[in-house]
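Here the structure is laid out as structure tokens; the discussion comes afterwards.
The values are calculated or read from the model by the stated rules, or taken from the named source; none is laboratory data. These numbers come from a predicted model, not from an experiment. Glycine gets a Cβ as well: all are built from the backbone with ideal geometry, and neighbour counts include every protein chain shown. Ligands, DNA and RNA are stripped out before the accessible areas are found, and what is left, the full protein with its side chains, is counted by its heavy atoms. Shrake-Rupley method; radii C 1.70, N 1.55, O 1.52, S 1.80 Å.
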Amino acid sequence: MRRYVKRHRERDSMTRTDVLVIAGARPNIPKVWTFLRGIEKLTGDRGERKLAVRVVHSGQHYHELLGESFARRLGISVSENLNVGSCESDSSQMAALVDKIGSLIMRLNPAMVVVVGDVNTSVAGALVASRSGIPVIHVEAGLRSGAWDPEEVNRKIITASADYHLAPSETAVCNLLSEGIPQNDVFLVGNTMAECHLAHRKERAANPVLQDLGLTEHGYCLFTVHKPINLSRMSDVIRILLAVAEKERVVFPCHPHTKMALQHQWRGSVRTAHEILFAEPFDYFAFGRLLMGSRFVVTDSAGVQEEATVEQVRCLTIGPGTARPETVLQGSNTIIGYDLDFTNCDWTRSFSCPPYWDERVSERIAAALRRILNSTTKRRWITRIANSPGGSDDGRP
């Protein structure tokens, strides 16, 4: 036993990791960017000891433009890739993620694990860390759609596994409190996706993708779909796609799973008044420029709903609902389900960004982290990386 403890301590000293951030999918990356910016502000503004932070990519999104290279495009240094890749089923992917993340956590012995959003990687990271007695921070906590889908199940599992919850909105805070999460463990920090989007205006505006594709400003619709619930109803998605293409030129970047579903379902040729441009996924700045220049967006992506709201672009959401009700309440987003009749959409309604969708999210994250790192009640051993006085602006509701 003494020999094991000695080896364990030697391993910990060689690979000291204060904060392990686990990402795995495209929408995780902008949120991680904002979280890391918060850590920089925590340790930089007051001259505190710099935390040893590792960002690990699970490889859940394995396409070149959706995976690790996407993180590098935003200047995020990924220490390693677990290369989970494509799996035969959702359960086999979850098993692979738990196995690889479990080995990673045992090897690195982090003081804290951070998971982001609602993807399978985040579920696996939260479960393994929690069962290992390691405090878990959930970034983008408390979102609920009210509909059954895999992401909703994931959100609830992560909430049950996490110790600290960084919520993007007042609605998310209310969801967490109503589910019995202690108020001291909930921090209202705002929308991490929004800060990243706002902070990269210049790079987005300078991207030449419109010229490269022969597109004109506001002369096309941007169309994306990837959720399993919608891929299982691909015939409905195709009907909507063709209906949109009768009115507008369509740019349709295809997720690998979407491409497979299209190839399986598609029948006949496309006979529309406007061209449908099928494309591979775009990098962050190119996609942002396409969003910025589109007349409107049709999507099932919560991240695209958020970015469209920030960019002041009209959005139509395919499927049963959204976990971002603020986008609907503010007027930027309309849930169309699988309805071909777009005439019920109010195209004249003005809208604005919801509260806390700004460039101060990282500041509120830094304040929340300062409070968390100085906590000595719930997870006493976390204080080994806390060496600064607590702040008053902790972002709590």
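Some points to look at:
- Spin-label zone in region 137-173 - amide nitrogen under 18 Å from a point set 7 Å from the Cα of R360 along the C-beta vector: 167-171
- Within the shell of other residues whose beta carbon sits under 14 angstrom from the beta carbon of L36, the net charge comes to +2, with Lys and Arg scored +1 and Asp and Glu -1.
- Under the shape rule built on the C-alpha gyration tensor, where the axes satisfy a ≥ b ≥ c, region 195-244 is oblate, since a/c reaches at least 1.5 while a/b does not exceed b/c.
- Apportionment of accessible area to carbon and sulfur, region 161-238, percent (1.4 Å): 52
- Looking at region 281-324, the accessible area is 18 square angstrom per residue; that uses a 1.4 Å probe and ignores ligands, DNA and RNA.
- Amide proton proximity set for T334, modelled H, under 5 Å, gap of 5+: C315, L316, T317
- Sequence ranges 171-183, 152-164, ranked by mean other-Cβ count within 10 angstrom, highest first: 152-164, 171-183
- The listed residues F351, F278, F35 rank as F278, F351, F35 when sorted by accessible area, largest first, using a 1.4 Å probe.
- Inter-part distance where region 190-236 and region 274-336 are each reduced to a Cα centre, Å: 6
- Average accessible surface for region 76-126: 37 Å² per residue, computed with a 1.4 Å probe over protein heavy atoms with every protein chain in place.
- What the Cβ-Cβ distance of M260 and N83 gives, at R0 = 30 Å and to the nearest 0.05, is a FRET efficiency of 0.90.
- Environment charge of L210, counting only residues whose C-beta is closer than 14 Å and scoring Lys/Arg +1, Asp/Glu -1: +2
- Region 321-328 - phi-based ³J(HN,Hα) in whole Hz, Karplus 6.51/-1.76/1.60, Gly and Pro as x: x, 8, 8, 10, x, 4, 5, 6
- For region 162-259, size of Cβ-based charge dipole, Lys and Arg +1, Asp and Glu -1, in debye: 480
- Simple label model, 7 Å out from Cα along Cβ direction - K247 to D90, nm: 3.2
- Tensor-based shape of region 170-302 (alpha-carbon gyration tensor, a/c under 1.5 rounded, otherwise prolate or oblate): oblate
- Region 350-359 - phi-based ³J(HN,Hα) in whole Hz, Karplus 6.51/-1.76/1.60, Gly and Pro as x: 7, 8, 9, 6, x, x, 6, 9, 8, 9
- Label-to-label distance, M106 versus H218, with points set 7 angstrom from Cα along the beta-carbon direction: 5.9 nm.
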